[in-house]
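**Student:** I have a structure I would like to understand better, so I am pasting it below and will then ask my questions one at a time.
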Amino acid sequence: MRCLRQGIRSYMLFFLFLFIVCSLNYLSASMPKIKIYKTVDDFNKGEIKNVAIVNPGYLTLSQHVEMSFSTEEPFVWGWAQDSKGNTYIGTGNEGKVFRIDNKKEGTVIFDAEELEVYALAVDKKDNLYIASSPDGKIYQMSPQGKTIIYFDPPDKYIWDLEFDSRGNLYAATGDSCRIYRITAANKGVPFFTSSESHIEELRFHPNGSLLAGSVDHGYIYSISPDGKASILFDSGYREIHSIAVTPDGDIYAGAYGQKRLPRPEIAKTTPQQETKKKEGESQESETQLDEIKIVVEPEGLPQLMGRERSGLFKITLDGLQKNIWHSGEVVYAVETSQNGTVLVGTGGDNGKLYRLNEEEQETLLKEIDDAQITALYRSSDNRIFMCTSNMGKLYEMRQTYEKEGSYESPVLDADIVSEWGVIRREAKFPTGTQVKFFTRTGNTEDVNDTWSPWSPALLNASGDKIISPSSRYLKWKAIFTTSKTDNTPEIQNVTITYLQKNVAPQIRKISVNNPENWLDQETAANEEYSQDSSASPSDLTYSSASIEEWRKRDLSTRLVRWACFDENRDDMKYTLYYRGENETHWRELEKNLTKTSFRWDSEKWPDGAYQIRLVASDSPSNPPSLVKVSEKTTEIFLVDNTGPQVQNFALKTDKSAPKVVSFIVQDLFSSIHYTEFALDTDDWQVLFPVDGIGDTKSEEFQFNLPPLAKGTHSLVIRTYDRFLNVGFGKFKINIE
């Protein structure tokens, strides 16, 4: 209860602190921003050295990982340990085996003719078994150093070795994809054969079955002691590269890569054929093995260097099969720890060691300089060993913590130059532990020499003022230390406040629509500038009906729209002003607008040319002394609500020709768009100007009347300008 009260009090003080900061800053600038680092995703973007990122999101010193030995070789593949505590590792690309004693002194004890030593194993008498590739053999080395060829299979690769409880040795091979059971020197027979190209991983299950991970379809086979096999799991990936089994029988498997094309069925050799082949009595099985070499191009080391999709799977005794974890790195190694958690080794730019707890939450335990963690092993005394490649080294992970570690945050982008406030952290500091914070700032996204140096250490957990210079970007660093390696400090979250310098809003564009670019009445008032306008009358066919349909719309209503951006993300307020083309005084059209468009009725304005000025202000988010404004003026636009006039009507008569009508249509502000006539209430008929195109404010028309009966006839001329204002001319024609 006391801890609960202290926690509540701590959070109340924190929020009081934020309120005070916000209040003080509001008096001098816009509201402060807050960045909080509190999740695994937040922290994973940073750089760690001897620091663990623990789920659900906090930082501690990592467990102590000590380099036991560096081989100076590019790759370490296999590991084994004898009863005296000597550790053996197999390497590539020179096929060497090193022995590392309890003093961590390493010696080359075997140099194979082959290039790679992918697997090692030690029996109960401390005999060491060495699997070499390609065109590999299995060597046996006694504790006294005597070496013999223990088994020489016809297969090209030997990927793994595993002893059963009776002392039988099992060897996983490729590219003929066999598992051999070897009972003594040169006494081995195929125990299992698959249509896949490689069996790459072997592990015994507590129920006595042998688990085998394949390459091509990424299967896990379960093989009973009498050799009966079934596919336990289809991963959906190309390769099962590592398998770990808990004492309770749960299986964890690391898989990666796209599936290959289906492999053709290949005739399999019987144990009798294999024996004959050994004795040189049969050439048939040799031919079949040669065919296998042609079908599959063997894949070795280059495959491990690629970046391919990868996953970690869990298969339980009750049949649950689940992809429990995936990462941008390739999963190369899986092992279980004594406390029931799962360790995962990956590769990429740097090798990373992860731990998954019982809830399948990840902790990034360690990031090393070597490119891949290619193998993980748990010794009989529950120590964890880690083999790496590029370069080839052997590490041991202890149960104690590192004495010192560091975490460097990702770059924090404040969007614009900002004043930095306070850095605060929620933390636990057991006896003998400490965390020092540092900051640095700059105005380039890439950290370089133009950035400020790291600040002096910040030690006040309740909050330190950031003293690094004002800038757009910031990084922070935490240095963890402990004088007692069984204790570690713990950073639960980090909060940074900052205040952007207020900058004026940017009006990127402003325009006033023409009536022919008419927008829907219901949506136009709320549209942003980028909204496309609808079709104009010029897109329509020339017909009286189509023109009338357009005229039903409210063409006198005009719309001004604008696009405005504020780097501070401030709320905006807008004011519109207008003036005539030859006027100097701006008059207010509308104020206190919050939307980016405004509609008004232009019939209240005299016809003529106008401009509109927009004033954008960030006053809703800033005190008066810090308010910034921007202005932008539209291009000159026309207001024309008056129809054109029909003038100079004339009727020419000639006894030898039809009667000719001529007239002029004029408009003060816009071009003549469409003209038509109706004779004696007949249908409207379209007219084109004499020059064929209606594109000026004055157009001349002339047409011939049809033969008319004697008497009085009516002629109506209807004409539209570009804004679809209509004008009429009505005339009487007397025929004698």
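**Student:** I733 versus A563, label points 7 Å from Cα toward the beta carbon: distance in nm?
**Tutor:** It works out to 5.4 nm between the two label points.
**Student:** I would also like to ask the following. Work out, step by step, the length gained on full extension between Q702 and T183: first 0.36 nm times the residue separation, then minus their alpha carbon distance; give nm to one decimal.
**Tutor:** Numbers: separation 519, 0.36 × 519 = 186.84 nm, distance 11.47 nm.
Result for the pair: 175.4 nm of gain on full extension.
**Student:** Turning to a different aspect of this structure: Over the stretch 63-401, what number does the Rg to Rh ratio reach, with both radii from the alpha-carbon atoms and Rh per Kirkwood?
**Tutor:** Radius of gyration over Kirkwood radius for the stretch 63-401 works out to 0.94.
**Student:** Distance cut-off 24 Å, Cα to Cα: go down the list K45/K477; K45/K628; K35/K428; K124/K187; K156/K187; K45/K393 and report the pairs above it.
**Tutor:** Values: K45/K477 13 Å; K45/K628 36 Å; K35/K428 21 Å; K124/K187 19 Å; K156/K187 19 Å; K45/K393 27 Å.
Beyond 24 Å between Cα atoms: K45/K628; K45/K393.
**Student:** Defining a contact as two alpha carbons under 8 Å apart and six or more residues distant in sequence, what relative contact order in percent does the stretch 63-401 show?
**Tutor:** 14 percent
**Student:** Can you compute the FRET efficiency between I148 and N207 using 1/(1 + (r/R0)^6), with r the Cβ-Cβ distance and R0 = 25 Å? Round to the nearest 0.05.
**Tutor:** 0.15
**Student:** Let me ask you something else. Which of K35, K366 comes first, and how do the rest follow, when ranked by fewest Cβ neighbours within 10 Å? Don't jump to the answer; show the numbers that get you there.
**Tutor:** Working: K35 16, K366 27.
Ordered by Cβ neighbours within 10 Å, fewest first: K35, K366.
**Student:** Right, something else. Which stretch or stretches of the stretch 357-383 have amide N atoms under 19 Å from the point lying 7 Å from Q338's Cα along the Cα→Cβ direction?
**Tutor:** Hits in the stretch 357-383 for Q338 at 19 Å: 357-358, 376-383.
**Student:** Something else now. How much length is gained on full extension from T653 to N168, taking 0.36 nm per residue of separation minus their Cα-Cα distance? Kindly include the intermediate steps, with their values, before the conclusion.
**Tutor:** Working: separation 485, 0.36 × 485 = 174.60 nm, distance 12.49 nm.
My answer for the length gained is 162.1 nm.
**Student:** Are there any chymotrypsin sites (Phe, Trp or Tyr not before Pro) in the stretch 27-131 that are in a DSSP loop and have at most 14 other Cβ atoms within 10 Å? List them by number.
**Tutor:** Working: sites: Y37, F43, Y58, F69, F75, W77, W79, Y88, F98, F110, Y118, Y129; in loops: none.
Counting only loop positions with at most 14 other Cβ atoms within 10 Å, none of the chymotrypsin sites (Phe, Trp or Tyr not before Pro) in the stretch 27-131 qualifies.
**Student:** Arrange D695, D250 by Cβ neighbour counts within 10 Å, fewest through most, would you?
**Tutor:** The order, fewest Cβ neighbours first, is D695, D250.
**Student:** Same structure again: Mind giving me the nanometre distance, one decimal, between the label points for S83 and D135, set 7 Å out from Cα along Cα→Cβ?
**Tutor:** 3.8 nm
**Student:** Stretch D349-R508 to full length: gain in nm at 0.36 nm per residue minus the Cα-Cα span?
**Tutor:** Computed gain between D349 and R508 is 53.0 nm.
**Student:** Report the per residue volume, in Å³, of the convex hull enclosing the C-alpha atoms of the stretch 645-735.
**Tutor:** Expressed per residue, the convex hull around the Cα atoms of the stretch 645-735 is 88 Å³.
**Student:** A follow-up question, please. Would you order S242, S714 from fewest to most other beta-carbon atoms within 10 Å of each residue's own beta-carbon?
**Tutor:** Placing the least packed residue first, the sequence is S714, S242.
**Student:** Could you please report the charge total around T336, scoring K, R as +1 and D, E as -1 over all other residues with beta-carbon less than 12 angstrom from its beta-carbon?
**Tutor:** Working: positive: R203, K314, R355, R378; negative: D248, D250, E335, E358.
Within the 12 Å Cβ shell, the charges total 0.
**Student:** Can you list the residues of the stretch 706-722 with backbone N under 19 Å from a point 7 Å past the Cα of E635, pointing along Cα to Cβ?
**Tutor:** Label zone hits: 722.
**Student:** Loop-only GluC sites (Glu not before Pro) in the stretch 83-177, please: DSSP not H, G, I, E or B, and at most 13 other Cβ atoms within 10 Å.
**Tutor:** Sites meeting the loop and neighbour criteria: E105, E113.
Only the coordinates and a few stated rules stand behind these numbers; no lab work does. On a predicted model such as this, the values are computed, not experimentally measured, just so you know. Neighbour counts are summed over all protein chains in view; Cβ atoms, including those assigned to glycine, are modelled from backbone coordinates with ideal geometry.
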